[in-house]
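Enquirer: One structure coming up, written as structure tokens, with questions to follow.
The values are calculated or read from the model by the stated rules, or taken from the named source; none is laboratory data. On a predicted model such as this, the values are computed, not experimentally measured, just so you know. Cβ sites come from the backbone with ideal geometry, for glycine too, and all protein chains shown count toward neighbours.
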Amino acid sequence: MSGQKFTLPQVPQSQLFSSKIAAAHNLKALTAKFFKAPPSGFPDAPDIITTTEPNLLINALVYDSVTFMGNGADGALSYFDENKRQTITVPKMQIPIALCTVSKNIKVVTTDIAGRNGTIKQYINVGDYEVVIKGLFTTGMSEKYPKQAMQHLQLITNASSEVKVVSEFLQIFGISYLVFTKCEFEQMEDSGRDEQKFTLTCISETPFTIKVTQQGKTTSRGIVPFFDFDELNNNSKF
């Protein structure tokens with residue numbers, strides 16, 4: 001799968017402009033360290049990132065093309081829908097230009113000690129990255145709502161498992177899979193029915209495999225943490 005190439009289809013929202021996305025999300029005066037939103041009327045283009053050091057890009061606002069997909073044929077995403085009790089298969093979806101932000105969470109446990117000012121800090125680990133993706137769908141026709149694009153995105157964000165993401169910006173952080181935690185779809189009061197903005201909040205995911213020695217079966221994907229359930233049962237006091 002790693003060497004397989006995917007041809008990403010052009011979609012209606014490819015005619016968007018970066019400055020229009022910024023305006024839709026109340027970022028009209030947006031200027032950041034690594035880019036400047038192009039003037040209205042200029043074609044979209046991902047930002048030119050001059051560094052590949054992740055820590056220098058934390059909380060930076062960066063335009064990039066984002067594609068949501070699965071590991072199926074032609075990048076199709078499949079997941080089990082608990083409500084419909086059936087497997088849903090969704091074609092991959094390319095968002096040609098979106099505004100992305102990545103933040104890093106560090107897990108620290110604090111403990112209060114009687115008679116001591118402040119707390120004792122215990123470093124646990126570097127947590128998941130939080131990713132926020134802001135974008136805009138439009139049809140270019142004042143009375144035509146971008147229904148097809150919205151339905152497609154809804155199916156993607158309804159996934160009950162991690163979703164593969166393709167983005168040069170996110171790849172700098174080693175992010176290849178995301179789990180959606182919040183999706184916001186706001187209708188803009190000062191625009192026509194042809195525009196729909198969205199904000200996707202996600203956390204990074206690393207698929208893994210749990211090896212159950214008792215049954216001799218392996219599930220899931222990726223990194224293999226080893227759990228010996230026989231040994232756990234023998235050492236149990238219960």
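Enquirer: Can you say whether ILE156 is surrounded by 10 or more Cβ atoms within 10 Å (Cβ to Cβ) and closer than 20 Å to GLN196 by Cα, as far as the supplied structure shows?
Expert: Yes.
Enquirer: Here is a follow-up. Among the residues of segment 126-148, is there at least one that is in contact with a Leu (Cβ under 6 Å, 6 or more places away or on another chain) and over 19 Å from SER65 (Cβ atoms)?
Expert: No: zero hits.
Enquirer: Right, here's the next one. I'd like the residue in segment 86-115 that is part of a strand (DSSP E or B) and of a type in the set (Lys, Arg) and, out of all such residues, is surrounded by the fewest Cβ atoms within 10 Å (Cβ to Cβ).
Expert: Filtering first and then ranking leaves LYS107.
Enquirer: Okay, moving on. Can we say THR101 is β-branched (Val, Ile, Thr) and at pLDDT 90 or above?
Expert: yes
Enquirer: Now for a different question. I'd like to verify a number: residues in segment 162-205 that are outside any strand (DSSP E or B), modelled with pLDDT of 90 or more and small (Gly, Ala, Ser), how many?
Expert: Final tally of qualifying residues: 3.
A quick yes/no check of all residues on (1) among the charged types (D, E, K, R); (2) in the same structural domain as ILE172 (by TED's automatic domain parsing); (3) at pLDDT 85 or above; (4) touching a Cys at 6+ places or on another chain (Cβ under 6 Å):
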residue: THR7; (1), (2), (3), (4): no, no, no, no
residue: SER18; (1), (2), (3), (4): no, yes, no, no
residue: ALA24; (1), (2), (3), (4): no, yes, no, no
residue: LEU30; (1), (2), (3), (4): no, yes, no, no
residue: LEU61; (1), (2), (3), (4): no, yes, no, no
residue: ASN71; (1), (2), (3), (4): no, yes, yes, no
residue: LEU77; (1), (2), (3), (4): no, yes, yes, no
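Enquirer: Restricting to segment 145-161, name every residue that is polar (S, T, N, Q), in a helix (DSSP H, G or I) and either at pLDDT below 90 or within 17 Å of GLU205 (Cβ to Cβ) (or both).
Expert: THR157
Enquirer: Here are some residues: LYS144, LYS121, LYS164. Which one is basic (Lys, Arg) and under 15 Å from the mean Cα position of the chain (by Cα)?
Expert: Just one listed residue meets the conditions, LYS164.
Enquirer: A further question on this structure: Restricting attention to segment 124-144, which residues are part of a loop (DSSP other than H, G, I, E, B) and either touching a strand residue (DSSP E or B) at 6+ places or on another chain (Cβ under 7 Å) or surrounded by fewer than 18 Cβ atoms within 10 Å (Cβ to Cβ) (or both)?
Expert: Across segment 124-144, the qualifying residues are GLY140, MET141, SER142, GLU143, LYS144.
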